[in-house]
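Written below as structure tokens is the structure these notes are about.
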Amino acid sequence: MPLVTADFISLILVIYVFVRLSANHTLKRRIRNIFIEIGIAICAILAVDEIWEVIFLASRETAEDAFRLNAIQSLEYLLFPFSFLFMLGFGAEKRSIRSLITFLSSLVLILLDLLNIVFPIVFTYADDLSMSNTPYSLWIYLGSLVLLAFILYDSFLRMLDADRENITLIIFVVLIGLFGMLSCYLDYDIVALWECISIAYLLLYLAVARAFDKTDQVTGLPNRNSFTEAFFFADPKKVTLVSFDLNHLKNYNDAMGHSEGDAYLRAFSLTMRDRMKECGKLYRTGGDEFCLLSEETADALQGKIKEIRMEKVCDPAFGSYPLDFAFGVAQRKKGESTEDLYRRADHLMYLDKRNTEENPR
């Protein structure tokens, strides 16, 4: 019975994600719970699929059997947009009109699947148990795919500091969803759809886990791994590197404990991230070291950062901490390697640090 084997493969993929979740302690609990909820929804789909198979094998090609199979498959389809509601939790901290629209769209898909039990909206079964699509099914499939892509963009990519690696994974999640829906629409291969959803679930987990692996857990900024990748792919004709060194972190750690030192790091990080967001992306590359990748000119960045440093205090929204740091700005010269550019920015930062220590502001 090939259906059992295919569903078993999908189930193994879900179990694998569950095992990885149990061993991954860097993910936020909210994110872990979302993946568990989506995985349970997929398991429910597979269980209903098995029920459909049992009833199909025992059927006698009557109108009652056709109605029963149609109802069971409608419930299967219902669970797919139902999982969208869990995915909206990725962006739970940033509620917006977009999240409301996607929530209502998911409810519409669920309602259409419920109505399909009685009215042929998505598909229908003939008395000989042959399945056929309705004239509306293609648009419903496409709508589901567009909604999935939008949720992934709005609730995932906007929530995390997604780089090209994560964007690539998300694109493949959508492509796999597309192939699954095409298989279902063109060949009535429902099993392929559920397999594709299970694979997409695995890829989505890998993308989220990878994003957290490249995020600094104290400040929320992208970490050194993310910086190294972004620095490598930066446009050599435009890239300007800023090296920052936060002053007095050791004093905070020694005098008031590491929790206060972490709060100082967060206040500086979030202040500089917000002040410099129009200029480039800020990374935490070490204990008290940060880097900014930008396409602005060195002179423009120099002026901007000096103005910020003159404020002398971090944004009060992040705590009452001094805004005291040294920095060096280096714009890539023709033929200069990334290593030489990094060393030059770091050297300029240490010159600035020595100068500010000898001539305190």
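The values are calculated or read from the model by the stated rules, or taken from the named source; none is laboratory data. These numbers come from a predicted model, not from an experiment. In this analysis, Cβ positions are derived from the backbone assuming ideal geometry, glycine residues included, and neighbour counts consider all displayed protein chains.
Structure above, values below:
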| read-out | value |
| --- | --- |
| Residue check for Phe103: within 21 Å of Glu37 (Cα to Cα), out of contact with any Lys or Arg (no Cβ under 8 Å at 6 or more places or on another chain) and either buried (at least 19 other Cβ atoms within 10 Å of the Cβ) or basic (Lys, Arg) (or both) | no |
| Looking only at region 1-27, and only at residues there that are free of Cβ contacts under 8 Å to residues at least 24 places away in the same chain and not polar (S, T, N, Q), the one that is surrounded by the fewest Cβ atoms within 10 Å (Cβ to Cβ) | Ala23 |
| Hits in region 286-308 - residues which are in contact (Cβ under 8 Å) with a residue 40 or more places away in the chain, within 22 Å of His248 (Cα to Cα) and among the charged types (D, E, K, R) | Asp288, Glu289 |
| Residue that is modelled with the lowest pLDDT, among those in region 203-250 that are basic (Lys, Arg) and over 22 Å from the mean Cα position of the chain (by Cα) | Lys250 |
| Looking only at region 40-85, and only at residues there that are of a type in the set (Ser, Thr, Tyr) and crowded, with 16+ Cβ neighbours inside 10 Å, the one that is farthest from Leu206 (Cα to Cα) | Ser74 |
| Subset of region 321-361 that is polar (S, T, N, Q) and out of contact with any helix residue (DSSP H, G or I) (no Cβ under 8 Å at 6 or more places or on another chain) - its residue that is surrounded by the fewest Cβ atoms within 10 Å (Cβ to Cβ) | Asn359 |
| Which listed residue, of Asp128, Asp113, is of a type in the set (Asp, Glu), assigned to a helix (DSSP H, G or I) and under 26 Å from Arg68 (Cβ atoms) | Asp113 |
| Exclusive hit being among the acidic types (Asp, Glu) and closer than 23 Å to Pro222 by Cβ, set Asp288, Asp299, Asp352 | Asp288 |
| Residue tally, condition surrounded by fewer than 20 Cβ atoms within 10 Å (Cβ to Cβ) and over 18 Å from Ile15 (Cα atoms), over region 191-215 | 5 |
| In region 184-202, residue farthest from Asp7 (Cα to Cα) [restricted to those that are modelled with pLDDT under 90 and aromatic (Phe, Trp, Tyr)] | Tyr185 |
| Leading residue by the ranking (nearest to Ile55 (Cα to Cα)) among those in region 1-23 that are touching a helix residue (DSSP H, G or I) at 6+ places or on another chain (Cβ under 6 Å) and modelled with pLDDT under 85 | Leu3 |
| Tally, over region 179-193, of residues that are more than 17 Å from Tyr136 (Cα to Cα) and of a type in the set (A, V, I, L, M, F, W, C) | 5 |
| Some residue of region 180-188 being among the charged types (D, E, K, R) and touching a residue at least 40 places away in the same chain (Cβ under 8 Å) | no |
| Residues that are among the polar types (S, T, N, Q) and either more than 26 Å from Asn33 (Cβ to Cβ) or not assigned by TED's automatic domain parsing to the domain that holds Phe80 (or both), drawn from region 169-214 | Ser183 |
| Scope region 24-39; condition over 13 Å from the mean Cα position of the chain (by Cα), within 16 Å of Ala200 (Cα to Cα) and not β-branched (Val, Ile, Thr); matching residues | Glu37, Gly39 |
| Residue match in region 259-273 (condition: touching a residue at least 60 places away in the same chain (Cβ under 8 Å), within 20 Å of Phe231 (Cβ to Cβ) and buried (at least 22 other Cβ atoms within 10 Å of the Cβ)) | no |
| Failed condition for Arg266, given (1) in a helix (DSSP H, G or I); (2) closer than 18 Å to Met349 by Cβ; (3) among the basic types (Lys, Arg) | (2) |
| Any hit, region 99-107, residues being under 19 Å from the mean Cα position of the chain (by Cα) and either modelled with pLDDT of 90 or more or among the aromatic types (Phe, Trp, Tyr) (or both) | yes |
